[in-house]
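Reading through the structure tokens given below for one structure.
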Amino acid sequence: MFGGGGIRNFGGTLTLQNSTLSGNSAVFEGGGICNSGGTVNAQNSTLAGNSAGNSGGGIYNYYYGTLTLQNSLIVHNSAIGGPDCWGEVNSLGYNLVGQETGCPAMSLATRPRRMPAWARWRITAAPPGHALCCKTLRPWMPSPTA
């Protein structure tokens, strides 16, 4: 698939709830989701292990599309530009994005309402093909790097 290996939304409205998109690939953009001029709302969802040849291995949002995440996990995707996400992404909070390089506006808007850096190690350290998260760390728990 050229764009949107898992889902391609072209001008429509898409809602993902309690969903997982994994193992999808696209030749150019949006290995997991490619949103072009439409509206995508993802809640309590995971996009992991997707790939794109160019940009947005997990999510690619363009052409005035609206993409909103809440309580979602976007990690371990791959692409040359923006491995996990590319384009403007709105956050309603409590999202974890592994590499935010392709969606810098999201990282600024969500820092106060995201999972803190000390909790990220469980996600970023998981090798491909293994569980992404098996335990939630609490502030009083020691860091494995301490």
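Please compute the volume of the convex hull spanned by the alpha-carbon atoms of segment 1-104 and report it per residue in Å³.
Numbers: hull volume 7.1 nm³, N = 104.
Here the figure is 68 Å³ per residue.
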For the pair Thr13/Thr68, report the inter-label distance in nm, with labels modelled 7 Å from Cα in the Cβ direction. 1.0 nm
Where does the charge balance sit around Asn61 when Lys and Arg score +1, Asp and Glu -1, over other residues with C-beta under 13 Å from its C-beta? -2
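Extension gain Phe2-Ile80, at 0.36 nm per residue separation less the Cα-Cα distance, in nm?
Values: separation 78, 0.36 × 78 = 28.08 nm, distance 1.51 nm.
Extra length available between Phe2 and Ile80 comes to 26.6 nm.
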Part-to-part distance (alpha-carbon centres) for segment 32-71 and segment 88-105, which is given in Å: 10 Å
Using only the alpha-carbon atoms, what does segment 27-80 span along each of its principal axes? Please give whole angstrom values in decreasing order. 25, 24, 11
Approximate spin-label separation Tyr94-Ser22, in nm, with each point projected 7 Å along Cα-to-Cβ: 2.1 nm
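Read-outs throughout are calculated quantities, based only on the coordinates presented, and are distinct from any laboratory measurement. No experiment lies behind these values; they were computed from the predicted model shown. Cβ: placed from backbone, ideal geometry, glycine included. Neighbour counts: every protein chain shown.
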